[in-house]
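The values are calculated or read from the model by the stated rules, or taken from the named source; none is laboratory data. Everything numeric here is computed off the predicted structure, so don't read it as measured data. Methodologically, a virtual Cβ is constructed for each residue, glycine included, from the backbone with ideal geometry; neighbour enumeration extends over all protein chains shown.
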Amino acid sequence: MEVELLFFEGCPHWEFARTRLAEALAATGNAGTPVLLRRIETAASARAAGFAGSPSIRIDGIDPFDTACVGGLTCRMYDTENGVQGAPTVAQLTAAIRRLEAGAGHR
């Protein structure tokens, strides 16, 4: 499993997302999985990467919270059971990992 966390410098949520992602990986039996931290530095590199805002998570190249590509250095917000937050919850990430492991893809 290849896991990426895409973010831009100064994003107030990327480290929180990294913590939640680590918890979700552990909950799904993937605790040893490395997470590639991919810093997006320019609007051009954001467009080239199909960046949907910071933080974004990709598992085996798939964004399980697929949204339209924003193409710039902007914050990304997630609808959660506790309202809008700057990162998916551990439960959302756990469910997404399980779906992708089962081959079910997005949402």
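Kindly evaluate residue 6 against the criterion of being modelled with pLDDT of 95 or more, surrounded by fewer than 16 Cβ atoms within 10 Å (Cβ to Cβ) and among the hydrophobic types (A, V, I, L, M, F, W, C). In short, no.
Hey, any hits in the range 37-50 for a residue that's at pLDDT 90 or above, among the polar types (S, T, N, Q) and within 23 Å of residue 1 (Cβ to Cβ)? For the range 37-50, residues at pLDDT 90 or above, among the polar types (S, T, N, Q) and within 23 Å of residue 1 (Cβ to Cβ): absent.
Within the set 87, 27, the sole residue that is modelled with pLDDT of 95 or more and over 13 Å from the mean Cα position of the chain (by Cα) turns out to be 27.
Only residues that are of a type in the set (A, V, I, L, M), buried (at least 16 other Cβ atoms within 10 Å of the Cβ) and either at pLDDT below 90 or assigned to a loop (DSSP other than H, G, I, E, B) (or both): list them for the range 57-79, please. If the condition is that a residue be of a type in the set (A, V, I, L, M), buried (at least 16 other Cβ atoms within 10 Å of the Cβ) and either at pLDDT below 90 or assigned to a loop (DSSP other than H, G, I, E, B) (or both), then 70, 73 are the ones that fit.
Taken over the range 20-59, residues that are within 16 Å of residue 96 (Cβ to Cβ) and free of Cβ contacts under 8 Å to residues at least 60 places away in the same chain amount to 11.
For the range 1-54, residues that are assigned to a helix (DSSP H, G or I), more than 19 Å from residue 84 (Cα to Cα) and not small (Gly, Ala, Ser) total 3. Return yes or no: is residue 18 touching an Asp or Glu at 6+ places or on another chain (Cβ under 6 Å) and not aromatic (Phe, Trp, Tyr)? No.
Being out of contact with any Lys or Arg (no Cβ under 6 Å at 6 or more places or on another chain), among the hydrophobic types (A, V, I, L, M, F, W, C) and surrounded by fewer than 18 Cβ atoms within 10 Å (Cβ to Cβ) is a description that does not apply to residue 17.
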